[in-house]
Amino acid sequence: MTPATLEQIRIQGLKALADELGPVGMVRFLQQFETGHGDYTQERHRWLAGLSVRKLAAEIKRRRKDAAAQAAEVVAESPGKYSAGRKK
C-alpha cells in the first residue's frame, strides 16, 4: 500500500470537515487558519520599539480605569436596569 499524497490527504480532510461540520462550518473552521502576509517578527519589533514594562503596565492601568468609568456611566444612565436581583 502506497502512502497517500498530500493532495489525497487534503481532499479527505476537507470531506471529513464538510461531513462533520457542514459546508458553512467547514469554511468557518478553515478561516481560522488564514496564513496572512508580512513579517510578524519584524512588525512586532517596530510596534514594541521604545516600550518598557513600566510603560505597558501604565497603559493597561489607564485602559482599565477608562473601561471602569465607561461602565459606571452606562449604569448611571440606566437606573434600575442593572440592579441586583432584577427579573426580566
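Readers should treat all values here as calculations from the given coordinates under stated rules, not as data from a laboratory. Computed from a prediction, not measured in an experiment: that's the story for all the values here. Don't worry about glycine lacking a Cβ; one is built from the backbone with ideal geometry, like all the others, and counts go over all protein chains shown.
Taken one residue at a time, the phi angles of the stretch 28-45 give Karplus couplings (6.51, -1.76, 1.60, θ = phi - 60°) of 4, 5, 5, 5, 5, 10, 4, 6, x, 8, x, 10, 4, 4, 5, 5, 4, 4 Hz. Gly and Pro are set to x. Annotation for the stretch 9-54: chymotrypsin sites (Phe, Trp or Tyr not before Pro) lying in DSSP loop with at most 14 further Cβ atoms inside 10 Å of their Cβ are 33.
The packing ranking, built from the mean of other Cβ atoms within 10 Å per residue, places the peptides 56-66, 9-19 in the order 9-19, 56-66, highest first.
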